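Undergrad: Below you'll find the structure I mean.
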Amino acid sequence: MNDDIESWESLYDVADEDGRENSLLNTLSNIDKRYTNAQLAGSGAMKKIIRTTDNVSGRIVAKAVLKSSQDEQTVESFLREARITAMLQHPNIVPLYDIGLDEQGQPFFIMKLIQGRTLRDILEELKNDNEKDFTDYPLPVRIDIFLKICDALAYAHSRAIAHLDLKPDNITVSTYGDVVVCDWGLAAILGRNEEIDQTLTESLDYYSKRYYTLSGEIKGTPGYMSPEQAKGGNEAKDERSDIYALGSILYELLCLDHALDGENVKETIDLTLKGHILAPSRKNPGLNIPASLEAICLKAMKLDPKERYQSVDDIITDIDSYRHGYMTAAEESSFFRQLYLLYKRNKQICLSAMALVFVIVLGSLIFIDSLKKEKERTNEALIKSQKLLDLNEKMSIETSKSYFSEGRSEYYLFNNSKAVDAFKAAIIHNPKFYQARMGLVKSLGVQQRYSEALKQIDIALTVKNLRRHNVHSDPIKDCFAELEALKSDKVLTIQEVYPVVVKHIETDKLYTLKSQIYAWAIINTERTPGKKIFEVQQDLNWLLSQENKLEIKGKLRGGLNSLKYDLSGNSGLRDIRCISYMSFSILDVHDSKIEEMSTISGFPSHKNMDSFKFTKNLIVSKEQHVHENAFIKTKVSYK
Amino acid sequence: MKYYTRQTLLQKIKDVYSEDSWNEFVEIYRPYIYHVIKTFGVKAHEIEDHVQTTLIVCWQKLPEFQYEPDKGRFRYWLSRIAKYTVSNHSRKYRRRAELDQEIEIPTSLSPEIEEISDREWKMFISKMAWDNIKDDLTENSRLSFSALMEGESVESISERLSMPKNTISVNKKRIAPKMIKEIQRLQRELG
């Protein structure tokens with residue numbers, strides 16, 4: 001080829017030519033012998049297995065041929081096996097690729113070449129304590145293998161074909177875990193599957209029956225064959241015979257020893273027929289054999305086919321149950337065993353759940369305990385705080401009382417602004433303090449702060465109502481309400497205030513309040529500049545005239561801070577209580593017949609209740625009596 | 001026996017009708033179309049114009065191209081369009097829309113055009129294969145092999161590059177199979 005290449009174009013031509021020669025189509029069309037490179041791979045009683053290259057598919061396959069040219073029956077039987085295998089297309093059954101006759105007219109069939117070991121080899125090595133094999137084939141892996149054999153048989157039975165020579169030698173396990181059942185040479189057609197071509201069934205069956213009846217031999221392998229096979233003759237053989245074989249294979253997978261091991265073939269057959277089978281766990285006590293699996297194995301190997309599993313699917317179901325940790329049908333069930341299995345198949349979940357429950361219980365206990373302690377602490381704190389509250393209340397009441405008494409002093413001293421503050425303080429410390437509220441009402445009323453006073457009086461009355469005194473109206477309230485209605489932005493004059501006060505408040509009551517109201521009005525009324533003293537004199541005269549029911553004429557002199565009021569000679573003047581809160585430097589009342597001068601009638605309940613405490617000098621007639629609760633600090637002179 | 005084309009690259013370009021695949025298409029087939037048109041005896045300054053028009057027509061018509069071994073290979077199809085473009089050079093296809101409607105690609109190719117198509121294809125594929133593999137070669141191997149393919153004698157090369165004749169022939173033995181493989185690959189890819 002090299003010599004042809006001398007230019008770029010020639011390179012292309014060579015490539016083109018080469019491409020054509022090596023194309024698959026070219027290769028395929030030039031095949032003249034399909035199977036070449038034969039090498040003997042193994043041999044059985046009647047046939048040889050040859051490893052050969054299939055030039056069409058380009059792969060290496062297994063070719064089965066008869067050992068030597070045989071009689072018609074053997075050839076027929078050989079081809080029968082091929083046709084049966086061809087009928088079975090399942091991942092766990094060796095696939096058949098081709099059936100044919102070679103140049104010499106000898107029949108052959110081609111199967112997949114399985115690279116691997118037979119189950120027999122694996123079991124032998126396991127028996128010899130090969131450590132590597134134990135790690136490669138622990139029980140779960142062996143059970144996997146067994147399930148694949150079951151799958152193959154379940155499928156074959158569904159196609160109405162029984163293997164009848166199932167044994168570890170006929171099972172190949174590949175390096176990649178593939179398991180295939182081989183050697184269907186003794187397979188029987190069960191003759192009840194309608195899917196199968198009738199003529200094929202008949203032709204196959206014709207020879208098999210004839211063959212078996214004619215030979216009259218026992219077919220199968222002692223140790224794996226079922227009792228009914230071992231009896232020979234016309235004993236019915238069906239899928240349950242395969243189930244027996246499956247049982248004995250499981251037996252061996254479990255305890256790595258034969259279920260039946262007679263000294264010789266005859267003894268083994270005898271043992272088979274007797275059905276004395278030692279439990280796998282007793283056969284090899286050194287191995288940990290699950291009871292579930294042992295039960296499955298023994299059920300499959302019952303002497304009477306009726307007592308065995310009736311289908312391979314039942315075995316598969318039971319093994320799946322075992323693998324998922326459920327009860328198997330072959331096992332006696334007990335509650336604790338079921339509980340144990342439940343735990344076993346959900347180990348992780350069970351452990352987590354138990355841990356969780358423990359944590360929850362522990363947490364709850366701690367929580368309850370802390371709740372208890374918390375409650376105790378809360379109770380203690382409550383009691384403590386109640387005590388504190390009580391103490392606080394007591395202190396508040398005391399404080400309130402003290403403010404109240406201060407307020408009252410200021411009130412009697414005509415310091416109503418201070419009195420308001422003190423009463424308010426008393427109320428803050430004890431909102432239910434009725435007297436303090438009424439004191440506040442009076443102090444506000446004196447200063448003509450009627451709206452505030454009215455609010456307070458409402459609260460005071462509510463407080464009273466709470467104490468179940470059925471009081472809805474009050475003279476002071478009515479009085480202040482009317483005055484509030486009169487009120488403008490100017491201070492109310494004595495002439496405006498007096499009639500309202502008199503209207504609502506009885507003559508002899510609340511003199512302190514009344515005289516303060518009058519005094520405050522007179523003092524605070526807006527005056528005409530330059531006529532201040534005169535106007536005050538007019539007011540005082542008017543007030544006294546109203547009170548004494550006849551005209552009183554008095555003369556007022558001096559400045560606002562040193563008022564000199566001369567009422568002398570007013571023979572009709574009998575009552576001067578209404579002006580008791582005015583401040584006079586001199587009050588001259590001689591030659592009058594004053595009878596009423598004290599705003600309190602009985603014994604004073606407060607030291608500051610005395611009347612005319614703001615009068616510095618009093619001038620009276622010699623015979624004039626001065627009331628003991630009036631003019632206490634006043635200098636009295638007689639004329 | 002027909003030689004089968006897997007036409008992977010071709011298929012890819014056909015399927016993905018985008019700017020990117022246009023660029024790929026132009027990059028691959030422009031040199032071939034150029035050489036085919038050149039052999040039609042077109043004036044040198046007009047070649048580029050025809051190549052451009054041919055590429056555009058090809059691009060437009062590509063979805064219609066059906067790979068049918070009986071009707072001919074992709075390179076014949078390209079040549080047919082190139083021939084058509086050159087023969088109709090008076091027509092200017094300014095608008096692409098017109099192309100679709102008006103062009104009727106001849107279904108057959110005259111034997112001489114087929115010959116041109118084949119010859120140029122051989123060169124085109126061989127050169128492309130050479131471009132693809134030459135970077136992996138040592139300088140001397142590269143120079144000696146390409147000189148051999150250009151027709152220079154072994155003696156002359158030996159003298160010019162001061163290389164033993166033996167080395168030159170060993171090189172050839174080593175490089176030729178690589179070239180053949182690459183040519184076969186391109187053949188499959190490009191049709």
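Undergrad: Kindly indicate whether A:ARG83 is open to solvent by 70 Å² or more (accessible area, probe 1.4 Å) and assigned to a helix (DSSP H, G or I).
TA: Considered against the rule, which asks whether it is open to solvent by 70 Å² or more (accessible area, probe 1.4 Å) and assigned to a helix (DSSP H, G or I), A:ARG83 comes out as yes.
Undergrad: Here is a follow-up. Just to check your reading of the model, which residue among B:ILE157, B:ILE168, B:ILE125, B:ILE175 is open to solvent by less than 20 Å² (accessible area, probe 1.4 Å), facing chain A (nearest Cβ under 8 Å) and in a helix (DSSP H, G or I)?
TA: On the way: B:ILE157 fails: facing chain A (nearest Cβ under 8 Å); B:ILE168 fails: facing chain A (nearest Cβ under 8 Å); B:ILE175 fails: facing chain A (nearest Cβ under 8 Å).
From the options B:ILE157, B:ILE168, B:ILE125, B:ILE175, the qualifying one is B:ILE125.
Undergrad: Would you be able to say whether some residue in region A:618-631 is among the small types (Gly, Ala, Ser) and in a loop (DSSP other than H, G, I, E, B)?
TA: Within region A:618-631 (the criterion being among the small types (Gly, Ala, Ser) and in a loop (DSSP other than H, G, I, E, B)), the answer is yes, since at least one residue qualifies.
Undergrad: Sticking with this structure for a sec: Pairs needed: first member in region A:518-531, among the charged types (D, E, K, R); second member anywhere, open to solvent by less than 20 Å² (accessible area, probe 1.4 Å); C-beta distance under 9 Å; at least 6 residues apart or different chains.
TA: Note: pairs meeting the criteria are A:ARG527/A:VAL536.
Undergrad: Select from region A:1-38 the residues that are polar (S, T, N, Q) and either within 9 Å of another protein chain (Cβ to nearest Cβ) or exposed (fewer than 11 other Cβ atoms within 10 Å of the Cβ) (or both) and list them in ascending order.
TA: Within region A:1-38, A:ASN2, A:SER7, A:SER10, A:ASN22, A:SER23, A:ASN26, A:SER29, A:ASN30 meet the criteria.
Undergrad: Continuing with this model, one more query. A:PHE78 fails exactly one of the following numbered conditions: (1) at positive phi; (2) assigned to a helix (DSSP H, G or I). What is the number of that condition?
TA: Condition not satisfied by A:PHE78: (1).
Undergrad: Now a separate question. Restricting to region A:345-393, give me the number of residues that are under 30 Å from A:SER321 (Cβ atoms), open to solvent by less than 100 Å² (accessible area, probe 1.4 Å) and in a helix (DSSP H, G or I).
TA: Residues that pass the stated criteria total 7.
Undergrad: Could we say that A:SER57 is open to solvent by 40 Å² or more (accessible area, probe 1.4 Å), of a type in the set (Gly, Ala, Ser) and closer than 30 Å to B:TRP121 by Cβ here?
TA: no
Undergrad: While we're on this one: Starting from residues that are open to solvent by 40 Å² or more (accessible area, probe 1.4 Å) and touching a residue at least 24 places away in the same chain (Cβ under 8 Å), keep the ones in region A:39-48 and report whichever is nearest to the other protein chains (Cβ to nearest Cβ).
TA: The qualifying residue nearest to the other protein chains (Cβ to nearest Cβ) is A:ALA41.
Undergrad: Related question: Can you name the number of the only condition in (1) of a type outside the set (Ser, Thr, Tyr); (2) in contact with a Leu (Cβ under 8 Å, 6 or more places away or on another chain); (3) farther than 28 Å from A:THR528 by Cα; (4) surrounded by 18 or more Cβ atoms within 10 Å (Cβ to Cβ) that A:GLN448 fails?
TA: (3)
Undergrad: Restricting attention to helices (runs of 4 or more DSSP H) lying wholly within region A:185-291, give those where 2 or more residues are modelled with pLDDT of 70 or more.
TA: Hits in region A:185-291: A:227-231, A:239-255, A:265-274, A:280-283.
Undergrad: Restricting attention to region A:116-138, which residues are in contact (Cβ under 8 Å) with a residue 24 or more places away in the chain, in a helix (DSSP H, G or I) and open to solvent by 30 Å² or more (accessible area, probe 1.4 Å)?
TA: Within region A:116-138, the subset in contact (Cβ under 8 Å) with a residue 24 or more places away in the chain is A:116-120, A:122-123, A:126-127.
Then drop every residue that is not in a helix (DSSP H, G or I), which leaves A:119-120, A:122-123, A:126-127.
A:ARG120, A:LYS127 - these are the residues of region A:116-138 that are in contact (Cβ under 8 Å) with a residue 24 or more places away in the chain, in a helix (DSSP H, G or I) and open to solvent by 30 Å² or more (accessible area, probe 1.4 Å).
Undergrad: Next question. Could you tell me which of the residues A:LYS487, A:LYS477 is under 30 Å from A:LEU540 (Cβ atoms), surrounded by fewer than 18 Cβ atoms within 10 Å (Cβ to Cβ) and at pLDDT below 90?
TA: One residue alone meets the criteria, A:LYS487.
Undergrad: Taking region B:1-54 on its own, how many of its residues are among the aliphatic types (A, V, I, L, M) and modelled with pLDDT under 75? Spell out the reasoning first.
TA: Going residue by residue through region B:1-54, those that are among the aliphatic types (A, V, I, L, M) are B:1, B:9-10, B:13, B:16, B:26, B:28, B:33, B:36-37, B:42, B:44, B:47, B:51.
Subsequent filtering for residues that are modelled with pLDDT under 75 retains B:1, B:9-10, B:13, B:16.
Residues that pass the stated criteria total 5.
Residue by residue, here is whether (1) assigned by TED's automatic domain parsing to the domain that holds A:VAL420; (2) of a type in the set (S, T, N, Q) holds:
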{"site": "A:LEU444", "(1), (2)": "yes, no"}
{"site": "A:CYS479", "(1), (2)": "yes, no"}
{"site": "A:VAL500", "(1), (2)": "no, no"}
{"site": "A:HIS504", "(1), (2)": "no, no"}
{"site": "A:LEU510", "(1), (2)": "no, no"}
{"site": "A:TYR518", "(1), (2)": "no, no"}
{"site": "A:GLN537", "(1), (2)": "no, yes"}
{"site": "A:LEU543", "(1), (2)": "no, no"}
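Undergrad: Those residues that are over 30 Å from A:LYS432 (Cα atoms) and of a type in the set (Gly, Ala, Ser), I need them from region A:354-395; list them, please.
TA: Once the filter is applied, which keeps residues that are over 30 Å from A:LYS432 (Cα atoms) and of a type in the set (Gly, Ala, Ser), region A:354-395 yields A:ALA355, A:GLY363, A:SER364, A:SER370.
The values are calculated or read from the model by the stated rules, or taken from the named source; none is laboratory data. All values derive from a computational prediction rather than experimental measurement. All Cβ positions, even for glycine, are placed from backbone atoms using ideal geometry, and neighbour counts span all protein chains on display. When the accessible area is computed, the model is the full protein with side chains, heavy atoms only, and any ligands, DNA or RNA have been set aside. Shrake-Rupley method; radii C 1.70, N 1.55, O 1.52, S 1.80 Å.
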